[in-house]
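One structure below.
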Amino acid sequence: MACTCVVGLQWGDEAKGKIVDLLTEQHDLVVRFNGGANAGHTVVADGRTYKLSLLPTGVLRPRLCSVIANGVVVHPPRFLEEVSALRDAGIAVGNNLVLSDHAHCIFPYHLEEERLSEQGPDHAIGTTGRGIGPCYQDKVGRVCGVRIAELLHPQHLRERLRVIVPRKNRWLKCLGDNAQVFDADVLCDQYLGYAEQMRPFIANTVRLLHEEASKGKRILFESAQGSLLDVDHGTYPFVTSSNSSTAGVWSGSGIPARWLDRVIGVIKAYSTRVGKGPFPTELNDGQDGVGERIRKTGREYGTVTGRPRRCGWFDTVATRYTAALSGTTELAVMLLDVLSEFRELAICTAYEMDGNRLDYFPADAFLLERCRPVYETIPGWQADISGARRLADLPAAARRYVERVGEILGLPVSIVSVGPDRAQTIIC
Ligand code: GDP
Ligand code: IMO
Ligand code: MG
């Protein structure tokens, strides 16, 4: 079996959506295996801009079957809103979209729990507020987790919610005096209504994926978030609550690890991060500084929350680690055009921690806080590259920058992106 995975090697927003969209031509199914509506993937095609959060980017191409697999957490009203927004935009969404009966269900008490735990300055992670963490907590905790399949059994759902909701209400009141509490029967009626609308999409996706693979269909996995936000391997605790590296593919979809033979590691030509947590190459260098200029030129504001993204130079210590972690076979270097204005660029090649040189990534927020970047400088090109369509169209300095990144990471660069549009892509 030959499967491909598109994975982000930084802290998310590497432009995975654009790469998935490009690769849809070579695949038959696109699978989301982790996260939920915390993702924000923007695709610009044929002069139109599409923003996807919970649904796989593949849904923009109705020829493909798009699968929300078991590893995803789903907020039913969001699911229905996204389907209806796409239909309003003229995209056909029908039996080309399949939702796993084993995906977990987000309820309003998850959103409320997250609001309450994020409101104090001390323990906030800077989450997207979509109920992701509390829902995964319930999934792993087993007592209060509800799978999508359970929404299709009214009596069962009512009995479960009558146990879960009072428990949740007690917990919410402990978290804050201003906590909102919920009524089990009201929630149940509301969710049964959603379930009726979702019923046509719900299926056993493990079975579907295995059947399709056995017919020779080509599967593309689309990760949400970036590998540095992976709950096991990222900058814990400032991470998301799922495995956003390729480690999440097998558990999140039911497809065996050995079927994955192509892993495209998507990297921005610089670094960004939204939310809290250590970021060694972050540039807080004022209004006219490089950080702010990258933010402006790259329009670095979160798709989901609109928050300004923190910006900095490219970090090869972090990405060498995530490339290895995800079994990356090739790189896609994105947003190269954003660096065009700078006379000189910097690439972080090592860290210094407490006077010692480190060339590996300490994937632990408390150690990473103490790391200072060591840079190598490289000349900029100061020319508009957004019209380049072949490597030869790029100025020598831009080619050198891309080559140098590939050299340090020890991987071939197969795609370079010079603008948001599908056409603004160089296949190497
Ligand atoms: P994702 O979450 O990894 O899919 O990435 P996002 O969609 O959140 O963020 C990437 C942003 O960069 C989107 O607004 C894209 O339209 C845009 N984009 C993608 N590739 C390029 C590029 O090569 N140059 C520029 N300037 N923008 C790009
Ligand atoms: P895409 O798929 C960037 C960040 C949040 C926060 C942390 C935890 O567009 O790359 P969560 O709501 O998941 O519990 O928040 O993770 N985060 C992302 N940052 N891109 C994303 O998705 C993200 N999804 C979550 O900002 O720091
Ligand atoms: Mg994004």
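Couple of notes before you dig in:
- Flag for I164 being under 22 Å from L116 (Cα atoms), within 16 Å of ligand 3 (Cβ to nearest atom) and surrounded by 16 or more Cβ atoms within 10 Å (Cβ to Cβ): no
- Pick from the range 393-414, criterion more than 16 Å from F314 (Cβ to Cβ) and either buried (at least 16 other Cβ atoms within 10 Å of the Cβ) or of a type in the set (A, V, I, L, M) (or both), ranking: farthest from ligand 3 (Cβ to nearest atom): A396
- Filter result for G216 (without any contact (Cβ under 8 Å) to a residue 40 or more places away in the chain and surrounded by fewer than 24 Cβ atoms within 10 Å (Cβ to Cβ)): yes
- Taken together, the residues in the range 210-239 that are away from ligand 2 (no atom under 14 Å from the Cβ) and within 17 Å of R63 (Cα to Cα) amount to 8.
- Against the conditions (1) closer than 23 Å to T305 by Cβ; (2) in contact with a Phe, Trp or Tyr (Cβ under 6 Å, 6 or more places away or on another chain), L99 satisfies every one except (1).
- Residue satisfying all of: in the range 324-359; of a type in the set (G, A, S) and crowded, with 24+ Cβ neighbours inside 10 Å; nearest to G289 (Cα to Cα) among these: A332
- For the range 148-192, the set of residues classified as touching a helix residue (DSSP H, G or I) at 6+ places or on another chain (Cβ under 8 Å) and of a type in the set (D, E, K, R) consists of E150, R158, R160, R162, K168, D183, D185, listed by residue number.
- Residue that is farthest from S245 (Cα to Cα), among those in the range 276-290 that are buried (at least 22 other Cβ atoms within 10 Å of the Cβ) and of a type outside the set (V, I, T): P280
- Leading residue by the ranking (nearest to A363 (Cα to Cα)) among those in the range 6-26 that are touching a Ser or Thr at 6+ places or on another chain (Cβ under 7 Å) and within 7 Å of ligand 2 (Cβ to nearest atom): W11
- Residue check, N204 away from ligand 2 (no atom under 11 Å from the Cβ), surrounded by fewer than 17 Cβ atoms within 10 Å (Cβ to Cβ) and touching a residue at least 40 places away in the same chain (Cβ under 8 Å): yes
- L283 satisfies every condition listed in (1) in contact with a strand residue (DSSP E or B) (Cβ under 8 Å, 6 or more places away or on another chain); (2) closer than 25 Å to C5 by Cα; (3) among the hydrophobic types (A, V, I, L, M, F, W, C) except (2).
- Scanning the range 44-60 for residues that are of a type outside the set (V, I, T) and closer than 21 Å to Q225 by Cβ yields a total of 9.
- Filtered by the rule that a residue be in contact with a strand residue (DSSP E or B) (Cβ under 8 Å, 6 or more places away or on another chain) and in a helix (DSSP H, G or I), the range 339-367 gives L339, L367.
- Number of the condition not met by I132 [criteria: (1) more than 16 Å from ligand 1 (Cβ to nearest atom); (2) crowded, with 18+ Cβ neighbours inside 10 Å]: (1)
- Which numbered condition R295 fails, given (1) out of contact with any helix residue (DSSP H, G or I) (no Cβ under 6 Å at 6 or more places or on another chain); (2) buried (at least 24 other Cβ atoms within 10 Å of the Cβ); (3) within 25 Å of A350 (Cα to Cα): (2)
- Just so you know, in the range 16-55 the residues that are of a type outside the set (S, T, N, Q), near ligand 1 (Cβ under 9 Å from one of its atoms) and surrounded by fewer than 21 Cβ atoms within 10 Å (Cβ to Cβ) include one that is nearest to the chain's Cα centre (by Cα), and it is G40.
- Residue within the range 281-302 that is in contact (Cβ under 8 Å) with a residue 12 or more places away in the chain and within 28 Å of A69 (Cα to Cα) present: yes
- Considering the range 218-323, the qualifying strands (runs of 3 or more DSSP E), each wholly inside and each with 2 or more residues that are within 16 Å of the chain's Cα centre (by Cα) and within 15 Å of ligand 3 (Cβ to nearest atom), run over 219-226, 260-268, 271-273.
- Residue count for the range 330-348, restricted to those that are away from ligand 3 (no atom under 16 Å from the Cβ) and under 19 Å from T272 (Cβ atoms): 12
Where a number appears in this text, it was derived from the coordinates with a stated rule and is not lab data. Being a predicted model, the structure only gives us computed values, none of them experimental. A quick note on method: Cβ atoms are made from the backbone with ideal geometry, for glycine too, and the neighbour counts reach across all protein chains shown.
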